[in-house]
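> Quick one: the structure is below, questions incoming.
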Amino acid sequence: MKNLEHPDKFVNRHIGPRENQLEEMAKCCKVGSVDDLIEQTIPGQIRLSDELKIKPAVSEHTLIENLKKIASKNKVCKSYIGMGYHPVIMPSVIQRNILENPGWYTQYTPYQAEIAQGRLEALLIFQTVVSDLTAMEIANASLLDEGTAAAEAMLMFYSLRRGDKKDANVFFVSEECFPQTIDVLKTRAHPKGIELRIGNLEDVELSDDIFGILVQYPSGNGEIKDYSGLFKQADQKKIFKVVAADLLCLTLFKPPGEFDADAVVGSTQRFGVPMGFGGPHAAYFATKEAYKRSVPGRIIGISVDVQGNSAYRMALQTREQHIRREKATSNICTAQALLAIIAAMYAVYHGPAGLKAIAERIRRFACMLDLALKDFGFKQLNKNFFDTLFIETDEEKINEIRNEALERKINFRYAGKNKIGISINEATEVDDVSELIGLFAKVSGNIVNENIMQLLFERTKDGCRDFLQRASEYLTHEVFDSYHSETEMLRFLKKLENKDLSLAHSMTPLGSCTMKLNGTTEMLGISWSEFADIHPFAPEEQTVGYRELINELESDLAEITGLPAVSLQPNAGAQGEFTGLMVIRAYHRSRGAAGRNVVLIPSSAHGTNPASAVMAGMKVIVVVCDEKGNIDVEDLRKKAEENKNNLSALMVTYPSTHGVYEEKIVEICDIVHKNGGQVYMDGANMNAQVGLTNPAKIGADVCHLNLHKTFAIPHGGGGPGIGPVCAAKHLAPFLPGNPLVKVGGDQAITAVASAPWGSAGILVISYAYIKLMGPNGLTMASKTAIVNANYIANRLKDYYPVLYTGLNDRVAHELIFDMREFKHSIHIEVEDIAKRLMDYGFHAPTVSFPVPGTLMVEPTESESKEEIDRFCEAMISIREEIREIENGNQQIEDNVLKNAPHTLQVLLQDNWNHAYSRKKAAYPLPFVKDKKFWCAVSRIDSAYGDRHLVCTCVPVSDYAGESV
């Protein structure tokens, strides 16, 4: 019967090298077969003997049919729940050309700015939208969700306490903030020793122990309130003021910057991004320029290249976790870049007039409904509102309304026993408002006039009550008034896309990033209404399909990791780290061991590890690595024993960040356990484990995974991501909960993300990947990733030293090349090699991590042998270019590496004053002609951009005089 199966297997589409090529590559590594190489690479003590117990692979066609059946179990109803999540209309030109376009979604965070000018410009536009609408001076390039953004504001201002406020530890939160935001604030506040004081703004006493306050605008119940008086009192007490604001509302109402907010946070979900059962959506964070060096997340700035042209880059990176490590105030790494770009382009497409018209229409509908409800005798509590009405009635009437609404496939927000929230949205139509009026007329025993909509329209023609109306202009830059036809918008999006190197062009060999294929079939479901248009707080019976998909995915991840309890709530890898540590913290406390607060972290760890530990209230002690790059076991033993009474955990990455399977990993975990600690495994390198070993096998108690690495969710140019946590049975009770939906363990820690399942809208991608690959395909992916890395090591070891190797001189799925000798001998920096690779059409490997002066290469299983050979040929050619400098045939200061990348502008200059030819600069190898990618700018002056920080769009006139 096997012969009757369809011959087209997804695994053969996902894995790059053909079977015969893999054997050929294995022979290049001086072994007889792929399995022989795996035997030589992974310590036998941790090898799995059994096949993964997950369902066999299905075809792409079958997967789509199965997904449709699951999707059909979700019920898409008219949602008026609000609470930060609203139905939207994503313009089709944006859906097709950004969301569904690998030229936008396959890139990594834009560390190599010269080949990322398109998305950097788009993110700068996002920052401009946020800065303009909030009336703040500076904004970042997105955060994970609104709750996280509020928590980041709290922590930023906590770190900025000075003078007589240096000991203040109370953060006051209005009880009218969204409950999910308050829950995330609790999670972040407690380990830092911050007292969260939740109360009524009407009778708050701004005592000296308060360092900051948070208000919602409009309030969680929809009321527009004037906070200017409160903020003046706060200023007198030197209290920082934070506003969580609805960005669309700010097109009509006075922005927080105009009543002196110190920071404004919120979600840009309303700017064209579907609800997706909770995410992903780009949160925003805006503040005053005085606080620019404390802002969490990425900031895009304008700098210049060596030709004097304006260019975009990530600014002020020295304040981020990968530089400051345990001294960072935030652990943010992955954010929501792709969703931020969608929101930015939504603003570009509609422009200021279009956004205002959308907001005015929403408000007009709300005003019409308000009048109708009052005519019917309902008590509507909000005197001033944008989109949300809050109705108070008796419990019996509430039940009548609920039943009638469900009959009509309508969802409201039910607050307590006697209140209902109704939030109008962009997708609301005239007929929808008419139906709402009919519903309330029926339950109140009123008869609806057949001309009621026309009458209500007339009664509201002068608008709603004037209150805090916005007078200031916004989005005045030319970009917001230039692309309103679909033709012009399409060309603008394509112009930006063409400035970016993506997986659609060539491999992105970034170590520790796993830039594998994001299969088209895997991506299809995210656009389906049954997944995209579900509110995270919709009734359980309407989300049966989502829950089935989530349960299956959790079960598969548990099998893959060997850890039975799974939480999908963390919406990035760094948040998974923080969650895992908070779960360990809760476990120790449940056993009366609250004093266990020491975390051991190897010196090679990713910067998010120490940053997450400090966020979780832990004390970081660094464990040194030996000359082979492995954890120094004796140093670990010594520090574990010295801290045995307060040891909380070890954070360890496996395989290590040095790209090897450490042979003593089981012994390392045993040492920690014997001294009372738990083992947290960072799953960044899980692509080298699946089906071959697992976290439980090595001795880990809890780990996080990166679904945007190992399990095929695209990186999106810096997000979205998902960082689920998998835990052993004894830690399961502490997995995170949610204040509105039952998730997590029986002793759940408070929420780590706003939505119950985090960025649930993209879980379908990883679900599809696992189902398409099946147990054998997943294992083969890991094997192939290891083969590809060892093949590169063997091809290039005579040209560049491989810094660290493990058992039998093998590497895992990634490896580090040492470039430091070139700096000492001929002043060639590792950055010069990275920039020169752009001329060959490749994104550079990871630069100077985890060791300064090195390149870390991770090819993944998806790259073909032909592509890997091209990369190796490029690296060999660059080594020959370096040799020309060593031999004196090229100048030390003027050579193809120091001047890389070479743009068309440079090559077309009349005068060519270099000692090498234009052809050598542009087409160093024959294959480059066929695959040439032209950088939009020359090498960028990073220091200039930090000295002259500009984080919003500047007028076109500022570019006058630049050469093209």
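> Need a quick list: helices (runs of 4 or more DSSP H) entirely within segment 462-542 having at least 1 residues that are of a type in the set (S, T, N, Q) and surrounded by 15 or more Cβ atoms within 10 Å (Cβ to Cβ).
Working: elements: 486-497, 520-523, 529-532.
Hits in segment 462-542: 520-523.
> Go through (1) in contact with a strand residue (DSSP E or B) (Cβ under 6 Å, 6 or more places away or on another chain); (2) surrounded by fewer than 23 Cβ atoms within 10 Å (Cβ to Cβ) and name the single condition Ile826 misses.
Here Ile826 meets the rest and fails (1).
> Take the residues in segment 132-164 that are more than 21 Å from Gly758 (Cα to Cα) and of a type in the set (Gly, Ala, Ser), then tell me which one is farthest from the chain's Cα centre (by Cα).
Gly163
> Looking at Gly163, is it in contact with a strand residue (DSSP E or B) (Cβ under 7 Å, 6 or more places away or on another chain) and either of a type in the set (Gly, Ala, Ser) or closer than 23 Å to Ala353 by Cα (or both)? Before the answer, list the steps.
Details: in contact with a strand residue (DSSP E or B) (Cβ under 7 Å, 6 or more places away or on another chain): no; either of a type in the set (Gly, Ala, Ser) or closer than 23 Å to Ala353 by Cα (or both): yes.
Spelling it out, it is not the case that Gly163 is in contact with a strand residue (DSSP E or B) (Cβ under 7 Å, 6 or more places away or on another chain) and either of a type in the set (Gly, Ala, Ser) or closer than 23 Å to Ala353 by Cα (or both).
> Separate question: Could you look through segment 823-836, keep only residues that are in contact with a helix residue (DSSP H, G or I) (Cβ under 9 Å, 6 or more places away or on another chain) and free of Cβ contacts under 8 Å to residues at least 60 places away in the same chain, and pick out the one that is nearest to Met875 (Cα to Cα)?
Val830
> So which residues in segment 257-272 are buried (at least 24 other Cβ atoms within 10 Å of the Cβ), of a type outside the set (A, V, I, L, M) and in a loop (DSSP other than H, G, I, E, B), if there are any at all?
Selection gives Asp262, Thr268, Gln269, Arg270, Phe271, Gly272.
> Hey, can you tell me all the residues within segment 806-830 that are in a helix (DSSP H, G or I) and farther than 25 Å from Cys625 by Cα?
Initial filter on segment 806-830 (in a helix (DSSP H, G or I)): 807-809, 820-826, 830.
If the condition is that a residue be in a helix (DSSP H, G or I) and farther than 25 Å from Cys625 by Cα, then Ser825, Ile826 are the ones that fit.
> Please specify each residue of segment 299-319 satisfying the condition of being modelled with pLDDT of 95 or more and among the basic types (Lys, Arg).
Arg313
> Checking the conditions here, which among Val937, Val896 is in contact with a strand residue (DSSP E or B) (Cβ under 6 Å, 6 or more places away or on another chain) and in a loop (DSSP other than H, G, I, E, B)?
Values: Val896 fails: in contact with a strand residue (DSSP E or B) (Cβ under 6 Å, 6 or more places away or on another chain).
One residue alone meets the criteria, Val937.
> Of everything in segment 590-605 that's assigned to a loop (DSSP other than H, G, I, E, B) and polar (S, T, N, Q), which residue is nearest to Gly580 (Cα to Cα)? Walk me through it before giving the result.
Filtering segment 590-605 down to residues assigned to a loop (DSSP other than H, G, I, E, B) leaves 591-597, 603-605.
Okay, now just the ones that are also polar (S, T, N, Q), so 597, 603-604.
Values: Asn597: 14, Ser603: 20, Ser604: 19 Å.
In this case the residue turns out to be Asn597.
> Here is a list: Ile786, Ile770. Which entry is over 27 Å from Gln569 (Cβ atoms), in contact (Cβ under 8 Å) with a residue 12 or more places away in the chain, among the aliphatic types (A, V, I, L, M) and not in a loop (DSSP other than H, G, I, E, B)? It would help to see each step written out before you state the result.
Details: Ile770 fails: over 27 Å from Gln569 (Cβ atoms).
None of the others qualify; the one that does is Ile786.
> Find all pairs meeting these conditions: Cβ atoms under 8 angstrom apart; at least six residues apart or on different chains; first residue within segment 143-162 and touching a residue at least 60 places away in the same chain (Cβ under 8 Å) and in a helix (DSSP H, G or I); second residue acidic (Asp, Glu) and crowded, with 24+ Cβ neighbours inside 10 Å.
Phe157/Asp262
> Output the helices (runs of 4 or more DSSP H) that fall wholly within segment 1-115 and possess 3 or more residues being over 30 Å from Arg836 (Cβ atoms), aliphatic (A, V, I, L, M) and touching a residue at least 40 places away in the same chain (Cβ under 8 Å), or say none.
Details: elements: 10-14, 19-28, 34-41, 60-72, 102-105.
Helices (runs of 4 or more DSSP H) meeting the threshold: 34-41, 60-72.
> Another question about this same structure. Mind checking which pairs have a first residue in segment 352-363 that is within 11 Å of Ile424 (Cα to Cα) and a second that is polar (S, T, N, Q) and in a helix (DSSP H, G or I), Cβ under 6 Å, 6 or more apart or different chains?
Short answer, once both residue conditions are applied: Ala359/Thr251.
> Evaluate segment 857-869: report whether one residue or more is in contact (Cβ under 8 Å) with a residue 24 or more places away in the chain and more than 28 Å from Gly777 (Cβ to Cβ).
no
> Which one of the conditions (1) within 30 Å of Pro845 (Cα to Cα); (2) of a type outside the set (Val, Ile, Thr); (3) surrounded by fewer than 24 Cβ atoms within 10 Å (Cβ to Cβ) does Asp145 fail to meet, given that it meets all the rest?
So Asp145 meets the others, but not (3).
> Out of (1) on the phi > 0 side of the Ramachandran plot; (2) surrounded by fewer than 19 Cβ atoms within 10 Å (Cβ to Cβ); (3) under 19 Å from the mean Cα position of the chain (by Cα), what's the single condition that is false for Gly562?
(3)
> Can you tell me which residue among Ser603, Ser567, Ser590 is closer than 30 Å to Ser159 by Cβ, polar (S, T, N, Q) and without any contact (Cβ under 8 Å) to a residue 40 or more places away in the chain?
Numbers: Ser567 fails: without any contact (Cβ under 8 Å) to a residue 40 or more places away in the chain; Ser590 fails: without any contact (Cβ under 8 Å) to a residue 40 or more places away in the chain.
Within the list Ser603, Ser567, Ser590, the selection yields Ser603.
> Search segment 384-422 for residues being under 36 Å from the mean Cα position of the chain (by Cα) and among the hydroxyl-bearing types (Ser, Thr, Tyr), and hand back the single one that is farthest from Arg270 (Cα to Cα).
Tyr414
> Within segment 822-876, which residues are over 24 Å from Asn20 (Cβ atoms), of a type in the set (S, T, N, Q) and under 25 Å from the mean Cα position of the chain (by Cα)?
If the condition is that a residue be over 24 Å from Asn20 (Cβ atoms), of a type in the set (S, T, N, Q) and under 25 Å from the mean Cα position of the chain (by Cα), then Thr846, Ser848 are the ones that fit.
> Sticking with this structure for a sec: Given the conditions (1) closer than 26 Å to Gly683 by Cα; (2) among the basic types (Lys, Arg); (3) in contact with a Lys or Arg (Cβ under 7 Å, 6 or more places away or on another chain), report the number of the one that Arg810 does not fulfil.
Of everything listed in (1) closer than 26 Å to Gly683 by Cα; (2) among the basic types (Lys, Arg); (3) in contact with a Lys or Arg (Cβ under 7 Å, 6 or more places away or on another chain), Arg810 misses just condition (3).
> Collect the residues in segment 29-41 that are under 22 Å from Gly774 (Cα atoms) and of a type in the set (A, V, I, L, M), keeping them in residue-number order.
Within segment 29-41, Val34, Ile38 meet the criteria.
> Considering only helices (runs of 4 or more DSSP H) fully contained in segment 606-675, which possess at least 3 residues that are among the acidic types (Asp, Glu) and modelled with pLDDT of 95 or more? Even if it seems obvious, please write down each step before you answer.
Details: elements: 608-615, 633-642, 665-674.
In segment 606-675, the matching helices (runs of 4 or more DSSP H) lie at 633-642.
> Suppose we filter segment 116-138 for residues that are under 28 Å from Gln905 (Cβ atoms), assigned to a helix (DSSP H, G or I) and in contact with a strand residue (DSSP E or B) (Cβ under 7 Å, 6 or more places away or on another chain); how many remain? Quick ask: steps written out before the conclusion?
Pass one, segment 116-138, residues under 28 Å from Gln905 (Cβ atoms): 116-128.
With the extra rule that they be assigned to a helix (DSSP H, G or I), the set shrinks to 117-128.
Of the ones still in play, those that are also in contact with a strand residue (DSSP E or B) (Cβ under 7 Å, 6 or more places away or on another chain) are 117-121, 123-124, 127.
Matching residues across segment 116-138 total 8.
> Here's a follow-up. Might you check whether a residue that is touching a helix residue (DSSP H, G or I) at 6+ places or on another chain (Cβ under 9 Å), assigned to a loop (DSSP other than H, G, I, E, B), on the phi < 0 side of the Ramachandran plot and of a type in the set (A, V, I, L, M) occurs anywhere in segment 859-875?
Checked against the condition, which is being touching a helix residue (DSSP H, G or I) at 6+ places or on another chain (Cβ under 9 Å), assigned to a loop (DSSP other than H, G, I, E, B), on the phi < 0 side of the Ramachandran plot and of a type in the set (A, V, I, L, M), segment 859-875 yields no hits at all.
> Which of the residues spanning segment 24-60 are in contact with an Asp or Glu (Cβ under 9 Å, 6 or more places away or on another chain) and either surrounded by fewer than 16 Cβ atoms within 10 Å (Cβ to Cβ) or of a type in the set (D, E, K, R) (or both)?
Matches in segment 24-60: Gly32, Ser33, Gln45, Arg47, Lys53, Lys55, Glu60.
> If a residue must be over 13 Å from Lys292 (Cβ atoms) and modelled with pLDDT of 75 or more, how many such residues does segment 942-960 contain? Steps first, please.
Residues of segment 942-960 over 13 Å from Lys292 (Cβ atoms): 942-944, 953-960.
Next, only the ones that are modelled with pLDDT of 75 or more stay: 942-944, 953.
Looking only at that region, the number is 4.
> Sticking with this structure for a sec: Test of understanding: among Val702, Val690, Val622, which residue is among the β-branched types (Val, Ile, Thr) and free of Cβ contacts under 8 Å to residues at least 24 places away in the same chain? Reasoning before the result, please.
Numbers: Val702 fails: free of Cβ contacts under 8 Å to residues at least 24 places away in the same chain; Val690 fails: free of Cβ contacts under 8 Å to residues at least 24 places away in the same chain.
From the options Val702, Val690, Val622, the qualifying one is Val622.
The values are calculated or read from the model by the stated rules, or taken from the named source; none is laboratory data. Since the structure is predicted, the reported quantities are computational estimates derived from the model, not experimental observations. Please note: Cβ atoms are built from the backbone with ideal geometry, for glycine as well, and neighbour counts cover all protein chains shown.
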